[in-house]
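Here's the structure, in structure tokens; my notes come after.
The values are calculated or read from the model by the stated rules, or taken from the named source; none is laboratory data. Quick caveat: nothing in here was measured; it's all calculated off a predicted structure. No Cβ is skipped: glycine too gets one built from the backbone with ideal geometry, and neighbour counts run over all protein chains shown.
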Amino acid sequence: MRTYELYSIKEPFWTHYGARPEMIAGLLKEYKYKEHVYYKEIEKQVRYITNLVPVLEVREYLRDGFAGLPRFRVFMRGSLLVCQQNGSEAALCMNDHLMILHANGPYKIEHLVLKLLATYDSRYFITNSENGHYNWLKSPVEDQRKFG
């Protein structure tokens, strides 16, 4: 099972730290360790730079995104959304400042969920603590090249 954590970063921080994702990743890595001496301060910083997850809006957007696709089954219950197709499964759990994506099987469904989330809000930062990978779903540096 693959597990990803997604945070919606507020605009000023997304723009400022866009070319330096390691800065955001470092803060989020420290935030995961509740035994950290400065955990309360780190928690305040994470809450300050992240947006609240609009659970209902995200659910509806993803449901509509999957609606036209053949052979996809989508289940929703509260802040949980589960998508299935041909042995693949992705479960997205949404909390206040964090979304967690659990995926099994081929990468097709998780890729589609991440692609839909990137079109919904381009400021998502994704981490995979199992292998230490992190990055923006959509790079602010690419946006600046297109429009700047």
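Screening I49 against (1) surrounded by fewer than 19 Cβ atoms within 10 Å (Cβ to Cβ); (2) at pLDDT 90 or above; (3) closer than 20 Å to T15 by Cβ; (4) β-branched (V, I, T) leaves a single unmet condition, (1). The residues in the stretch 81-96 that are within 17 Å of the chain's Cα centre (by Cα), surrounded by 16 or more Cβ atoms within 10 Å (Cβ to Cβ) and not hydrophobic (A, V, I, L, M, F, W, C) can be counted, and the count is 1. Scanning the stretch 81-102 for residues that are free of Cβ contacts under 8 Å to residues at least 12 places away in the same chain and hydroxyl-bearing (S, T, Y) yields a count of 0. Among residues of the stretch 24-40 that are over 20 Å from K10 (Cα atoms), those with a beta-carbon under 6 Å from a residue that is at pLDDT below 95 at least six positions away or on a different chain give the pairs H36/E30.
The helices (runs of 4 or more DSSP H) located wholly in the stretch 1-103 that include 1 or more residues which are of a type outside the set (A, V, I, L, M, F, W, C) and farther than 20 Å from H133 by Cα occupy 11-16, 39-49, 55-67.
With respect to the conditions (1) out of contact with any Lys or Arg (no Cβ under 9 Å at 6 or more places or on another chain); (2) modelled with pLDDT under 90; (3) of a type outside the set (S, T, N, Q), V113 lacks only one, and its number is (2).
From G18, G65, G105, G78, which residue is on the phi > 0 side of the Ramachandran plot and either buried (at least 16 other Cβ atoms within 10 Å of the Cβ) or touching a residue at least 24 places away in the same chain (Cβ under 8 Å) (or both)? Just one listed residue meets the conditions, G105.
State yes or no: is E30 touching a His at 6+ places or on another chain (Cβ under 8 Å) and more than 23 Å from Y120 (Cβ to Cβ)? The answer is yes for E30. Quick check on the stretch 123-138. Is at least one of its residues in a helix (DSSP H, G or I) and modelled with pLDDT of 90 or more? No.
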